[in-house]
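A.B. asks: Quick one: this structure, given as structure tokens, is what I'll be asking you about.
The values are calculated or read from the model by the stated rules, or taken from the named source; none is laboratory data. Just so you know, these numbers come straight off a predicted model, no measurement behind them. Cβ: placed from backbone, ideal geometry, glycine included. Neighbour counts: every protein chain shown. Heads up: the accessible areas ignore ligands, DNA and RNA and are worked out on the full protein's heavy atoms, side chains in. Shrake-Rupley method; radii C 1.70, N 1.55, O 1.52, S 1.80 Å.
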Amino acid sequence: EKQGFKHFMLKEIYEQPGVVRASLDAYFNPGTDESPINLGIPGEFYANLEQIQIVACGTSWHAALIGKYLLEQLAQIPTQVQYSSEFRYAPSPLTPNTLTIGVTQSGETADTLAALAMEKERRQGRDSRYQARLLGITNRPESSLGHLVPHIINTLAGIEIGVAATKTFVAQLMAFYALALDLSSRRQTLSPERLEEIINGLRLIPKEIEATIDIQDKLTEHLAHDFAETQDVIFLGRGINFPIALEGALKLKEISYIHAEGYPAGEMKHGPIALLDAKVPVVAIAVPGSVYEKVISNSQEAKARDSRLIGVTPITDGEAGEIFQDLLTVANVDELLSPILTVIPLQLLSYHIAARRGLDVDQPRNLAKSVTVE
Ligand code: F6R
């Protein structure tokens, strides 16, 4: 059932354009007067929202960080993201009109279920402003999560077999685009033109992912040769691509067992830059928009410490062309949409590094697809 792919992980990376297409078809269709997005969530559920809190673990937590960016920047709703395992033991003070979202691909992650159950319980019997409003984002609507919360955004990745999450992550991002845009339309925080521009941009993403995989599969396979002796890798990003730096590092750790850290590029000089030398490659995500120049200048600082610099960027000339030794190019899209493309070369790079090391990519040591212990 690997359909000619050596591992499920690679097959699932290749399935991502289809996952985005399925999500567009499901969420961005008929719509209503209030919103061109259809998530099957009644408008009252969102009424008077003042705050959003999101709980999740691992890759789902990275998707949640991008979700926060979208919910704040597009829908203008203050949003916080917590690790489920931290939130459980130190929940934020109760705030009124708060939506709590649990993100879990499997729908069975013990800490995420417990965090949501706790939220439900501590809001029980409170006046209406403080009542729990729980929403789940999951790839398994029939899971325990499905029983715990009244509303679900069903992500449309299909079953994922590789332990390292790839297509379920992209599906979670699509759920957050849809949710943030649904809230933006209902609250009228975006002009109709901007809303349309973003939706049109999303419609082009499947083709752009295809093109990215087309080019990057071979390039990253080739680049993986140079990682035979590598022991540490740093991933840098800023803004909406900071969570992608975290995700790139997590993928590499999980399946190749190489130590990796994702860092917001501007924080390097506050400590981690001490780690850099010629043996520590740096992968920087540099897309045009609010922080492009900043990421380039942070990359320059890394280069001055002799690190090999790999750029994930749509820009191949100018400064980017000069400072990056290797370019993993992606299409030039709206900065808000860029994470769904920049993650692709990082998934492929981790995959090829691990596969070249002869590791069990689909079943990495010490990890399980569904973490039902606390
Ligand atoms: C990453 C990975 C884990 C999961 C985490 C949460 O590749 O597989 O970090 O993302 O265990 O799992 P779910 O989303 O099922 O709650």
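Yes or no, residue by residue, for (1) of a type outside the set (A, V, I, L, M, F, W, C); (2) more than 13 Å from A224 (Cβ to Cβ); (3) in contact with a Ser or Thr (Cβ under 9 Å, 6 or more places away or on another chain):
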{"residue": "A302", "(1), (2), (3)": "no, yes, no"}
{"residue": "L309", "(1), (2), (3)": "no, yes, yes"}
{"residue": "T316", "(1), (2), (3)": "yes, yes, yes"}
{"residue": "F324", "(1), (2), (3)": "no, yes, yes"}
{"residue": "T329", "(1), (2), (3)": "yes, yes, yes"}
{"residue": "V333", "(1), (2), (3)": "no, yes, no"}
{"residue": "L348", "(1), (2), (3)": "no, no, yes"}
{"residue": "A354", "(1), (2), (3)": "no, no, yes"}
{"residue": "P364", "(1), (2), (3)": "yes, yes, yes"}
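A.B. asks: Six or more apart or on different chains, Cβ atoms under 6 Å: show the pairs whose first residue is in region 191-215 and of a type in the set (S, T, N, Q) and whose second is modelled with pLDDT of 95 or more and in a helix (DSSP H, G or I).
C.D. replies: T212/L341; T212/I344
A.B. asks: Can you tell me which residue in region 139-151 is surrounded by the fewest Cβ atoms within 10 Å (Cβ to Cβ), limited to those that are closer than 14 Å to I101 by Cα and more than 14 Å from the ligand (Cβ to nearest atom)?
C.D. replies: P150
A.B. asks: I need the full set of residues from region 6-33 which are within 16 Å of the ligand (Cβ to nearest atom), aliphatic (A, V, I, L, M) and within 17 Å of the chain's Cα centre (by Cα), in order please. I'd like the intermediate steps shown before the answer.
C.D. replies: Step one: filter region 6-33 for residues within 16 Å of the ligand (Cβ to nearest atom), giving 7-13, 15-16, 19.
Filter once more, keeping what is aliphatic (A, V, I, L, M): 9-10, 13, 19.
Across region 6-33, the qualifying residues are M9, I13, V19.
A.B. asks: Here's something else I'd like to know. Quick one: in region 81-107, of everything that is over 26 Å from A157 (Cα atoms) and either open to solvent by less than 40 Å² (accessible area, probe 1.4 Å) or polar (S, T, N, Q) (or both), which residue is nearest to the ligand (Cβ to nearest atom)?
C.D. replies: Here is the first cut: in region 81-107, the ones over 26 Å from A157 (Cα atoms) are 86-98.
If we keep only those that are either open to solvent by less than 40 Å² (accessible area, probe 1.4 Å) or polar (S, T, N, Q) (or both) too, we end up with 87, 92, 95-98.
Details: F87: 14, S92: 20, T95: 24, P96: 28, N97: 26, T98: 21 Å.
Only one residue fits best here, namely F87.
A.B. asks: Here are P78, P36: which of them is over 23 Å from V149 (Cα atoms), away from the ligand (no atom under 16 Å from the Cβ) and open to solvent by 40 Å² or more (accessible area, probe 1.4 Å)? First the steps, then the outcome.
C.D. replies: Values: P78 fails: over 23 Å from V149 (Cα atoms).
Being over 23 Å from V149 (Cα atoms), away from the ligand (no atom under 16 Å from the Cβ) and open to solvent by 40 Å² or more (accessible area, probe 1.4 Å) holds for just one of P78, P36, which is P36.
A.B. asks: May I ask you to say which residue of E72, E121 is touching a strand residue (DSSP E or B) at 6+ places or on another chain (Cβ under 6 Å), assigned to a helix (DSSP H, G or I) and surrounded by fewer than 21 Cβ atoms within 10 Å (Cβ to Cβ)? Walk me through how you get there before you give the answer.
C.D. replies: Numbers: E121 fails: touching a strand residue (DSSP E or B) at 6+ places or on another chain (Cβ under 6 Å).
The unique qualifying residue is E72.
A.B. asks: Name the one entry in I37, I54 that is over 20 Å from the mean Cα position of the chain (by Cα) and of a type in the set (A, V, I, L, M, F, W, C). Reasoning before the result, please.
C.D. replies: Working: I54 fails: over 20 Å from the mean Cα position of the chain (by Cα).
The conditions single out I37.
A.B. asks: Oh, and also: Could you list, in sequence order, all residues of region 247-263 that are open to solvent by 30 Å² or more (accessible area, probe 1.4 Å) and outside any loop (DSSP other than H, G, I, E, B)?
C.D. replies: Filtering region 247-263 for residues open to solvent by 30 Å² or more (accessible area, probe 1.4 Å) gives 250, 253-254, 257, 259, 261, 263.
L250, K253, E254, H259, E261, Y263, listed by residue number.
A.B. asks: Out of the residues in region 39-70 that are at pLDDT 95 or above and among the aromatic types (F, W, Y), state the one that is farthest from the ligand (Cβ to nearest atom).
C.D. replies: Only one residue fits best here, namely Y69.
A.B. asks: Next up: Within the group G237, G266, which residue is touching a residue at least 40 places away in the same chain (Cβ under 8 Å) and of a type outside the set (A, V, I, L, M)? Spell out how you get there, then give the answer.
C.D. replies: Numbers: G266 fails: touching a residue at least 40 places away in the same chain (Cβ under 8 Å).
The match here is G237.
A.B. asks: So, G136, is that one on the phi > 0 side of the Ramachandran plot, crowded, with 24+ Cβ neighbours inside 10 Å, within 11 Å of the ligand (Cβ to nearest atom) and of a type outside the set (A, V, I, L, M) or not?
C.D. replies: Details: on the phi > 0 side of the Ramachandran plot: no; crowded, with 24+ Cβ neighbours inside 10 Å: yes; within 11 Å of the ligand (Cβ to nearest atom): yes; of a type outside the set (A, V, I, L, M): yes.
Criteria not met by G136.
A.B. asks: Can you find, within region 148-165, the residue that is nearest to the chain's Cα centre (by Cα) among those that are under 12 Å from K369 (Cα atoms) and touching a residue at least 40 places away in the same chain (Cβ under 8 Å)?
C.D. replies: Step one: list which residues in region 148-165 are under 12 Å from K369 (Cα atoms), which gives 159-165.
Narrowing the set further to residues that are touching a residue at least 40 places away in the same chain (Cβ under 8 Å) leaves 160-165.
Values: E160: 16, I161: 18, G162: 17, V163: 16, A164: 13, A165: 10 Å.
Step by step, filter region 148-165, then rank; the result is A165.
A.B. asks: Just to verify a result, which residue in region 322-356, among those that are open to solvent by 20 Å² or more (accessible area, probe 1.4 Å) and not in a helix (DSSP H, G or I), is farthest from E221 (Cα to Cα)?
C.D. replies: D334
A.B. asks: Going by what's in this entry, would D334 be described as more than 18 Å from the chain's Cα centre (by Cα) and of a type in the set (D, E, K, R)?
C.D. replies: no
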